[in-house]
Amino acid sequence: MANLLVLPGDGIGPEVTTQARRVLEAVASRHGLELSFEEDLIGGSSIDARGTPLADEALERARGSRGVLLGAVGGPKWDAMPVDVRPEKGLLRLRKELGLFANLRPAAVFPALVGASTLRREVVEGIDLLVVRELTGGIYFGEPRGEALVDGRREARNTMVYDEVEIARIARVAFEAARRRRQLVTSVHKANVLEVSQLWTTVVEEVAKEYDDVRLEHQLVDSMAMLLLKEPRRYDVVVTGNLFGDILSDEAAMITGSLGMLPSASLGEGGIGLYEPVHGSAPDIAGRDAANPLAAILSAAMLLEHSLDAPEAANAVRTAVAGVLDTGARTADLAAAGESSIGCCEMGDRVLAKLAAA
Ligand code: NAD
């Protein structure tokens, strides 16, 4: 029996995680997986009920689970609160306490949605890449950091630092993922300028020796920013540090064109993972059954793959989503001008129907 924790959060979070949970339950029964679910609070809803964005008991539940499915946190109701008790603090605490060092962001274009990209159809068709970003090290966390007055001038510094253990473990996540995909890892760095990137490249090459079935190539981050727009289809797994990954994962995601379709996974040492849509709590449409649940449903597919080692079940979910989109079903965010749309629950129903018909 695998325990899963659902943290619906705020805004549209409860609406989209409800649909994702239904899909997990359906796919579990078809693929012989035994799942049990718990639910708890995070973000603004937790502040309202318990005075903290993530209570210790919710954290303990997360620790005792195989995977956490999260909706989104935040909203205007809590925007004026002191920074320390804001909804996002709950998410940051969860990521830190679970030691989630690897962030996985797929950017794949469903055939039915090729037109949603700002890039030309022939560039976008068939994109299926995965950005693996190091999440707990690099320049966002390095010491020393801060601002000081030096010789009468204000000066600020941050430090980019990685050790070999941090580099090797994120590299392994990338190679393992590539093994299940098209066996290509592109390591992105700035080794022509940065010593950190030189060590990065050396260690990634050392790890590559454990994976002789996977091809490794290197790319400078500035070139990569261009190549992602020029020939995104040629990439499979792109592994990089925290700063470069922050930027490139957003670039790759936007190539696909639709925020409501983007899933993510953050993985830690013990196999535990946090799965959440890339989008936020969308307070402008919350409570109206207007949200697109597919990013949450695709996040559930990542949970099946990475925390439950059930790639076939994960593929069944992705195939069902693609099938529903092929029929022309669209939530409002995906519908073209003049096209009719369906609600969040109806989209969930359609995915379940496709799964049942497979
Ligand atoms: P957002 O992603 O919530 O919304 C941006 C726009 O996209 C909105 O117009 C929204 O209606 C639309 N949208 C987003 N997801 C959608 C979906 N599934 N279906 C249909 N439309 C969708 O970003 P924002 O408006 O900048 O932030 C709103 C709140 O969410 C803020 O409080 C912010 O802090 C929070 N936020 C949370 C997370 C997270 O929990 N990981 C991430 C980003 C933003």
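The values are calculated or read from the model by the stated rules, or taken from the named source; none is laboratory data. As the structure is a prediction and not an experimental result, all values here were calculated from the model. For neighbour counting, all protein chains shown are included, and Cβ atoms are generated from backbone atoms with ideal geometry for every residue, glycine included. For accessibility, only protein heavy atoms count, side chains too; no ligands or nucleic acids. Shrake-Rupley method; radii C 1.70, N 1.55, O 1.52, S 1.80 Å.
Worth a mention:
- Dipole of segment 128-255 [Lys/Arg +1, Asp/Glu -1 at C-beta], most positive-end residue of His189, Met254, Val150: Met254
- Accessible surface of segment 147-276 [probe 1.4 Å, protein heavy atoms]: carbon and sulfur percent: 51
- Residues of type lysines that Lys96 reaches as a straight line, Cα spacing below 28 Å, ignoring anything fewer than 8 places off in the same chain: Lys77, Lys190
- When you count the other C-beta atoms within 10 angstrom of each residue and take the mean per peptide, 220-228, 310-318, 237-245 line up highest first as 237-245, 310-318, 220-228.
- Considering only Ala332, Ala300, Ala253, the mean-square fluctuation computed in a Gaussian network model of the chain, springs between alpha carbons under 10 angstrom, is largest for Ala332.
- Spread of Cα-to-Cα distances over 10 Å intervals beginning at zero, given as percent, for the chain: 5, 24, 32, 26, 10, 2, 0, 0
- Around Ala62: net Lys/Arg minus Asp/Glu count, Cβ-Cβ under 14 Å: -2
- Fully extended contour minus Cα-Cα distance, from Asn315 to Asp79, at 0.36 nm per residue: 81.1 nm
- The local environment of Thr202, defined by Cβ-Cβ distances under 11 Å, has a net charge of -4 under the rule Lys, Arg +1 and Asp, Glu -1.
- Centroid-to-centroid separation of segment 286-332 and segment 171-217 [C-alpha atoms, Å]: 29
- By the rule of a C-alpha distance below 21 Å, with chain neighbours fewer than 8 residues away ignored, no lysines are paired with Lys209.
- Proximal aspartates and glutamates to Lys230, defined as alpha-carbon separation beneath 14 angstrom and excluding residues fewer than eight positions away on the same chain: Glu122, Glu125, Asp222, Glu251
- Alpha-carbon Debye profile of segment 128-255, log10 I(q)/I(0) at 0.15, 0.16, 0.17, 0.21 Å⁻¹: -0.68, -0.76, -0.84, -1.20
- Taking the Cα centre of the chain as reference, the dipole from Cβ charges on Lys and Arg (+1) and Asp and Glu (-1) amounts to some 500 debye.
- Per-residue ellipticity at 222 nm, computed for the chain from helices alone with -39500 (n - 2.57) per DSSP H run of at least four residues, works out to -12500 deg cm²/dmol.
- Net lengthening on full extension, Arg63/Glu143 (0.36 nm per residue, minus Cα-Cα): 26.0 nm
- The listed peptides 278-284, 161-167, 34-40, ordered by packing as a protection proxy, come out as 278-284, 161-167, 34-40 (highest mean of other Cβ atoms within 10 Å first).
- Environment charge of Ala225, counting only residues whose C-beta is closer than 13 Å and scoring Lys/Arg +1, Asp/Glu -1: -3
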